[in-house]
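*Asks:* Take this structure first; my questions come after.
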Amino acid sequence: MPITVSESGEWVERLAISDLICRYSSAVTRADWEETEALFAPDAIWEIPALGLRHEGGTAIRYFLAETIRYDVLLQTAHSPVIRLLGPGQGQATTTIHELVRGEVLADSAFARAGTPVNIEQYGIYHDDVAQLDGDWRFTHRIFVPVYVQDNGVSGQVVTPRSALRADKSGVTFTS
């Protein structure tokens, strides 16, 4: 049975929302705060209720996440987003996240005091509200729910520092 124009349009929107989710994980991993902020609506909310963290506005979210700059490892991988289209330009997504985090807290927050070492592997779920703004999908509300956290979960060596991942080319040469 052929796919209708309506169905193909839905798949395009689902793919665009999935891309938004993956771009966020990539930007956080690479410490690209300008790109991170651009993925949020100006009045968006990002929160982790279990840790008492809540930030409102794309700029506030950017500055909170930028505090992870002292982490030598912050790898975030998004898995299998389930996307629901609610109507024109409105959607929701649920995504499993796997994260490796190692470093030192830069500033006092509800999470920890400045200078506190962080070394965790965690899995969690992002519950997202998304909207199409000026032709692009953006997060309007992200809630992260930690599911599993392992202390001292990151024990390997850093081969490429996060700072080298921010540029389009990390200076890594691939040979065949």
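Bear in mind these aren't lab numbers, they're just calculated from the coordinates by the rules spelled out. Since this is a predicted model, take the numbers as computed values, not measurements. Here the Cβ positions follow ideal geometry from the backbone for every residue, glycine too, while neighbour counts run over all protein chains shown.
*Asks:* Could you work out how far helix 5-29 tilts from the main Cα principal axis of the chain, as a 0 to 90 degree angle to the nearest 10?
*Replies:* The helix 5-29 is inclined about 10 degrees to the chain.
*Asks:* Given R₀ = 41 Å, FRET efficiency for L133-D72 by Cβ-Cβ distance, to 0.05?
*Replies:* 0.75
*Asks:* Now a separate question. Extending each Cα 7 Å along its Cβ direction at Q150 and R166, get the distance between those two points in nm, one decimal.
*Replies:* Label at Q150, label at R166, 3.1 nm between them.
*Asks:* Given charges of +1 on the Cβ of Lys and Arg and -1 on the Cβ of Asp and Glu, with all other atoms neutral, how large is the dipole of the chain about its Cα centre, in debye to the nearest 20?
*Replies:* So the magnitude is around 380 debye.
*Asks:* May I ask for the longest run of the chain untouched by trypsin sites (Lys or Arg not before Pro) that are loop-located per DSSP and have at most 14 neighbouring C-beta atoms (other than their own) within 10 Å?
*Replies:* By the stated rule (loop sites, at most 14 other Cβ atoms within 10 Å), 1-112.
*Asks:* Here's something else I'd like to know. Once a ≥ b ≥ c are taken as the square roots of the eigenvalues of the Cα gyration tensor of region 126-169, is the result rounded (a/c under 1.5), prolate (a/b larger than b/c) or oblate (a/b not larger than b/c)?
*Replies:* Oblate.
*Asks:* Let me ask something else. What ranking do V12, V101 get, fewest neighbouring Cβ atoms within 10 angstrom at the top?
*Replies:* Ordered from fewest to most neighbouring Cβ atoms within 10 Å, V12, V101 come out as V12, V101.
*Asks:* How much length is gained on full extension from T94 to Y63, taking 0.36 nm per residue of separation minus their Cα-Cα distance?
*Replies:* 8.7 nm
*Asks:* For each of L20, L85, count neighbouring Cβ atoms within 10 Å of the residue's Cβ, then give the residues from fewest to most.
*Replies:* Ascending number of Cβ neighbours within 10 Å: L85, L20.
*Asks:* Could you tell me the convex hull volume per residue, in Å³, taken over the Cα atoms of the chain?
*Replies:* Convex hull volume per residue, Cα atoms: 154 Å³.
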